[in-house]
Amino acid sequence: THLGTAGGDQRAFNSDLSDAARVAGFDLSHLNLFTMPNIDNIEEHLLDQDVVWVNGGSVANLLAVWRVHGLGAIFRRVWGAGVVLAGVSAGPICWFRGGTTDSFGRDRRAVTNGLALLPYDNGVHYDSEPRRRPLVHKLVAAGTLGETHCTDDGVGLVYRGTELVEAVTEVEGRQAWRVTAHAGDGPEAVALEEPIRTRFLG
């Protein structure tokens, strides 16, 4: 099942995804919340899926809409039942405690009210948006974000339960990173960035 909440459930994009799924041999459905849910029993539907994939857009808006519909508690049960939860851009951030976002405008800032299924924060677009990396370092050093798992575009992080077990990439040379608070207080605080071994899928 695909959720496009972060982009306002764009029907044209849904149609493109459905076409791609048909070619690839996947059975794809869409859970739309705009203008109203298109599925009567959301939890029952999600529990019947192999994978839930969340598209990008505004993670702040996504989280607000999901909470109105009670999806936070539903996703915790769906995750506990073994359904794979995945996504891109806003799509992974929602499963973490939070991360960096442009949901509030051009000046990126922290979002800290994610579903927290994973007890870390998330940094996306680490290589393609130059302001993301220094912002992650600043927020981690200040304690606004905790341990933050970051990805270049094209890189995925694989968790079993809450344990990070692997980083993979579909683009050779792309990387994943772990950023943690290192030393110092106030303006002297710093963050430590360490690469995560990343396996090329090609």
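The values are calculated or read from the model by the stated rules, or taken from the named source; none is laboratory data. A quick note: this is a predicted structure, and the numbers were derived from the prediction, not measured. Positions of Cβ are backbone-derived with ideal geometry, glycine not excepted, and every protein chain shown enters the neighbour counts. What goes into the accessible areas is simple: the full protein's heavy atoms, side chains included, and nothing from ligands, DNA or RNA. Shrake-Rupley method; radii C 1.70, N 1.55, O 1.52, S 1.80 Å.
For segment 168-183, how many residues meet the condition of being part of a loop (DSSP other than H, G, I, E, B) and either within 30 Å of residue 143 (Cβ to Cβ) or β-branched (Val, Ile, Thr) (or both)?
So the count comes out to 3.
Anything in segment 40-69 that is over 15 Å from residue 5 (Cα atoms), free of Cβ contacts under 8 Å to residues at least 40 places away in the same chain and either of a type in the set (Lys, Arg) or part of a helix (DSSP H, G or I) (or both)? List them, or say none.
The answer is 43, 44, 47.
Listed residues 82, 72; which is farther than 20 Å from residue 152 by Cβ and free of Cβ contacts under 8 Å to residues at least 12 places away in the same chain?
Numbers: 72 fails: free of Cβ contacts under 8 Å to residues at least 12 places away in the same chain.
Answer to the check: 82.
Quick check: is even one residue across segment 162-173 surrounded by fewer than 19 Cβ atoms within 10 Å (Cβ to Cβ) and touching an Asp or Glu at 6+ places or on another chain (Cβ under 9 Å)?
Yes.
Output the residues belonging to segment 7-41 that are in contact with a helix residue (DSSP H, G or I) (Cβ under 7 Å, 6 or more places away or on another chain) and closer than 16 Å to residue 75 by Cα.
30, 31, 33, 39
Considering only segment 124-141, I want to know if a residue exists there that is loosely packed, with under 15 Cβ neighbours inside 10 Å, touching a helix residue (DSSP H, G or I) at 6+ places or on another chain (Cβ under 9 Å) and either more than 25 Å from residue 183 (Cβ to Cβ) or at pLDDT 95 or above (or both).
No; the residues of segment 124-141 include none that is loosely packed, with under 15 Cβ neighbours inside 10 Å, touching a helix residue (DSSP H, G or I) at 6+ places or on another chain (Cβ under 9 Å) and either more than 25 Å from residue 183 (Cβ to Cβ) or at pLDDT 95 or above (or both).
What is the residue count in segment 142-156 for residues that are crowded, with 22+ Cβ neighbours inside 10 Å and among the polar types (S, T, N, Q)?
2
Would you say residue 171 is within 30 Å of residue 76 (Cβ to Cβ), modelled with pLDDT of 95 or more and of a type in the set (Val, Ile, Thr)?
No, not satisfied.
Pull up segment 3-61, narrow it to residues that are more than 19 Å from the chain's Cα centre (by Cα), within 17 Å of residue 83 (Cα to Cα) and of a type in the set (A, V, I, L, M), then point me to the one that is most open to solvent (accessible area, probe 1.4 Å).
By that ranking, first place goes to 47.
Suppose we filter 114, 91 for residues that are part of a helix (DSSP H, G or I) and either of a type in the set (Ser, Thr, Tyr) or under 19 Å from residue 7 (Cα atoms) (or both); which single one remains?
91 is the lone residue from the list that is part of a helix (DSSP H, G or I) and either of a type in the set (Ser, Thr, Tyr) or under 19 Å from residue 7 (Cα atoms) (or both).
Taking segment 90-119, which residues are of a type in the set (S, T, N, Q), touching a residue at least 40 places away in the same chain (Cβ under 8 Å) and open to solvent by 30 Å² or more (accessible area, probe 1.4 Å)?
Listed by number, the residues that qualify are 103, 113.
Could you check segment 120-155 and list, in sequence order, the residues that are within 15 Å of the chain's Cα centre (by Cα), more than 18 Å from residue 191 (Cβ to Cβ) and either part of a loop (DSSP other than H, G, I, E, B) or touching a residue at least 60 places away in the same chain (Cβ under 8 Å) (or both)?
Scanning segment 120-155 gives 153, 154.
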